[in-house]
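The values are calculated or read from the model by the stated rules, or taken from the named source; none is laboratory data. Note that this is a predicted model, so its numbers are computed, not measured. Here Cβ is always computed from backbone atoms with ideal geometry, including for glycine, and neighbour counts include all displayed protein chains. Keep in mind that these areas ignore ligands, DNA and RNA; they rest on the heavy atoms of the full protein, side chains included. Shrake-Rupley method; radii C 1.70, N 1.55, O 1.52, S 1.80 Å.
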Amino acid sequence: MARKLIIAANWKMNKGPAETAEFIGSFLPGTEELSQKCDIVIAPPHVSIPAASSLLADSVVALSAQNVSDQDEGAFTGEVATCMLNELGVQYVILGHSERRSIYGESDEFINAKVHKSLTADLRPIFCIGETLEEREGGKLEEVLRRQVSGGLANLTAENMADVVVAYEPVWAIGTGVTATPDQAQEAHAFVRSLLQEQFGSEVAAATRIQYGGSVKPGNSAELMNREDIDGALVGGASLEAASFHELIANAVA
Ligand code: PEP
């Protein structure tokens, strides 16, 4: 089954509203052509979403949040609810990023609650999974991915899965400049697809887009995207500069 590429920029805690507007101004020209072969998504910090939302409104570039609350409203200091993102035209939300898991202690169960909350609000989760170097070297790669997939995507239907993008991001490759080789990435992606097959059946497994994340750059996006089970990228560092992110996507679709 042909799966359209999806490449998303995860800006993390970078770019306030002014820098966001500046980036979008330089990035948008040429995106219509790229979007024929690739869905393009930008995930600014929450405070920059209003600026991004108005600038992206008539564009082919979709807007994502980097996180969302598992609650609807009320006494949850510092949290942002799905309905607030809806009001700003946000379409995707990154959930379970390794920084949320390791720095803020988010568990598979908690991430699963956010996945459900997002889907109920018509926000498409970009659901992140991935092993640490210690886990990989300790032979635990498959065990970790299995736990993250079965826990984080628990109790979803096949219909729900049509709105879920999975991002495989080996923690040792995030922000380190060390990229998984295309073979290592392909092997892990094929395994993740087999987990989706066990949990949801072969149709869902064949249709679900699995992004690779971890030091993707303009120089390696093509060789990674050429592999059978790699359907896009979640990009941190190389998405912070408009020209570099543009080139990364252009190389991936070439
Ligand atoms: C990320 O934050 O999801 C990521 C993959 O970062 P980088 O591209 O900088 O490794």
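Can you pull out every residue in segment 110-136 that is in a helix (DSSP H, G or I) and of a type in the set (A, V, I, L, M)?
Step one: list which residues in segment 110-136 are in a helix (DSSP H, G or I), which gives 110-120, 133-136.
Residues satisfying the conditions are I111, A113, V115, L119, L133.
Within segment 224-243, work out how many residues are open to solvent by 10 Å² or more (accessible area, probe 1.4 Å), away from the ligand (no atom under 11 Å from the Cβ) and part of a helix (DSSP H, G or I).
3
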Margin query: Taking the criterion of being of a type outside the set (D, E) and within 13 Å of the ligand (Cβ to nearest atom), would at least one residue in segment 136-145 satisfy it?
Written below: no
Notebook entry, point to check: Looking at segment 1-105, what helices (runs of 4 or more DSSP H) fall wholly within it and have at least 3 residues that are within 23 Å of I174 (Cβ to Cβ)?
Noted result: 17-27, 98-104
Check: Can you name the condition, by its number, that L195 falls short on among (1) open to solvent by less than 40 Å² (accessible area, probe 1.4 Å); (2) within 22 Å of Q66 (Cα to Cα); (3) assigned to a helix (DSSP H, G or I)?
Finding: (2)
Check: Mind checking which pairs have a first residue in segment 204-217 that is part of a helix (DSSP H, G or I) and a second that is crowded, with 18+ Cβ neighbours inside 10 Å, Cβ under 7 Å, 6 or more apart or different chains?
Finding: V204/M161; V204/L196; A205/R193; A205/L196
Note to self: When you scan segment 210-223, do you find a residue that is of a type outside the set (D, E), more than 9 Å from the ligand (Cβ to nearest atom), under 20 Å from E159 (Cα atoms) and surrounded by fewer than 21 Cβ atoms within 10 Å (Cβ to Cβ), even just one?
What the structure shows: no
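Only one of V166, V149 is under 26 Å from A65 (Cβ atoms), among the aliphatic types (A, V, I, L, M), more than 16 Å from the ligand (Cβ to nearest atom) and not in a loop (DSSP other than H, G, I, E, B); which?
V149
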